[in-house]
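The values are calculated or read from the model by the stated rules, or taken from the named source; none is laboratory data. Owing to the predicted nature of the structure, the values given are computational and were not obtained by experimental measurement. Here the Cβ is made from the backbone with ideal geometry for all residues, glycine too, and neighbour counts use every protein chain on show. Calculation scope for accessible area: heavy atoms of the full protein, side chains included, ligands and nucleic acids excluded. Shrake-Rupley method; radii C 1.70, N 1.55, O 1.52, S 1.80 Å.
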Amino acid sequence: MMERKILFADDDAEIREVVRILLEGEGYRVDEAADGISAVSMADDTYDLIILDVMMPELDGFSTCLEISKFK
């Protein structure tokens, strides 16, 4: 069985940690991004799912999604 990869972007480190622990407990590999800009630079076609916080500074979740979709 192939390990599923998730990119999780949230500006709150505690939320990222809790979500990462829960998802890893279910067998997922989780990479974290602290902001939308980092998420855009990390995003590639190896991720099965990208989870974005809507209210991040500089580049919110909606804008991050639009940027990622430009090259996907």
Neighbours by Cβ (under 7 Å, 6+ apart or cross-chain): first from region 39-52, in a strand (DSSP E or B); second polar (S, T, N, Q): 52/64
Top-ranked residue in region 35-53 [being of a type outside the set (S, T, N, Q) and open to solvent by 70 Å² or more (accessible area, probe 1.4 Å); ranked as farthest from the chain's Cα centre (by Cα)]: 45
Filtered residues of region 55-66 (kept if of a type outside the set (Phe, Trp, Tyr), modelled with pLDDT of 95 or more and open to solvent by 70 Å² or more (accessible area, probe 1.4 Å)): 55, 65, 66
Condition met for residue 30 (among the β-branched types (Val, Ile, Thr) and under 11 Å from the mean Cα position of the chain (by Cα)): yes
Checklist (1) touching a Gly at 6+ places or on another chain (Cβ under 8 Å); (2) under 16 Å from residue 69 (Cβ atoms) applied to residue 51, failing item: (1)
